[in-house]
Amino acid sequence: MATEYTGKTGSLAEKRFAIIVSTYHRRITGPLLQGAEESLATAGVDDENVTIAWVPGAWELPLAAKKFIASSADWDAIICLGCVIRGETTHDQHINSTVSHNLGQLSIESGVPIAFGLLTCESLQQAIERSGGKVGNKGIEATDAAIRMVRLYDEIGQ
């Protein structure tokens, strides 16, 4: 029979999570952070094993994630939360593309799971709906993905 790893179970008591959150669009990122914190608590992660860092905007998420990875602390996962809303120019597309690429590359190179909780919305209303509105809370979804990856790493054996 095949071996199957799911990342669905496992203790998180000793696991360390960094949450990096953008202050830009704080009306949106605040609820994303709240959802992330609630998700970690529900999963059994101790508050003392969670560190939160505020950055100016989405653009700074990869740099802060890189700094956390380079620090002496052992991070089991990093959760990045932010919001970019389309404006009158293509500025949002450049930010979204660069941030997503850099976070993905950093995760691959470091081996540290980095959860992508960056909302890339067409309007403020879309962002509201995705930060605790009728579409859910993407902060919870990103955090749940990070939790699953940490548990998966344990199952596979780092």
Only bridges with both residues in the stretch 17-152 count here: give the DSSP antiparallel percent, nearest 5.
10
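Starting from 0.36 nm per residue, how many nanometres of slack lie between Glu88 and Thr9 once their C-alpha separation is accounted for?
Extra length available between Glu88 and Thr9 comes to 23.9 nm.
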With the crude spin-label approximation of a point 7 Å out along Cα→Cβ, what separation in nm comes out for Asp46 versus Leu63?
3.4
Going by average Cβ density within 10 Å per residue, which order do the peptides 49-62, 23-36 take, highest to lowest?
23-36, 49-62
Integer Hz, Karplus 6.51/-1.76/1.60 couplings in order for the stretch 80-87, x for Gly and Pro:
10, 10, x, 8, 10, 10, 4, x
Can you list the DSSP H helices in the chain whose Cα atoms extend at least 20 Å along the helix axis and whose mean Kyte-Doolittle hydropathy is -0.5 or higher?
26-42, 138-156
Amide H to amide H, which residues 5 or more places from Ala77 or on other chains are under 5 Å from it, using H placed in the peptide plane?
Arg16, Ala18
If the cut-off is a Cα-Cα distance under 17 Å, which aspartates and glutamates reach Lys8, setting aside same-chain residues fewer than 8 apart in sequence?
Asp76, Glu141, Asp144, Asp154, Glu155
Hey, can you rank 114-122, 37-45 by average C-beta count inside 10 Å, highest first?
114-122, 37-45
Under a straight-distance cross-link criterion of Cα-Cα below 20 Å, which lysines are reachable from Lys67, leaving out those fewer than 8 residues away in the same chain?
Lys15
Protection-proxy order for peptides 94-105, 69-80, each taking the mean of Cβ atoms within 10 Å per residue, highest first:
69-80, 94-105
Find the Cα radius of gyration of the stretch 17-152, compare it with 2.2 N^0.38 Å by division, and give the number to two decimals.
0.98
Given R₀ = 22 Å, FRET efficiency for Asp74-His101 by Cβ-Cβ distance, to 0.05?
0.30
Among the aspartates and glutamates, which fall within straight-line cross-link reach of Lys138, defined as a Cα-Cα distance under 17 Å, with same-chain neighbours fewer than 8 residues apart omitted?
Glu37, Glu38, Glu122, Glu129
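Computed from the coordinates by the stated procedures, all read-outs in this text should not be read as laboratory data. What you see is a predicted model, and the numbers here were worked out from it, not measured in a lab. Neighbour counts run over all protein chains shown; Cβ positions are idealised from the backbone, glycine included.
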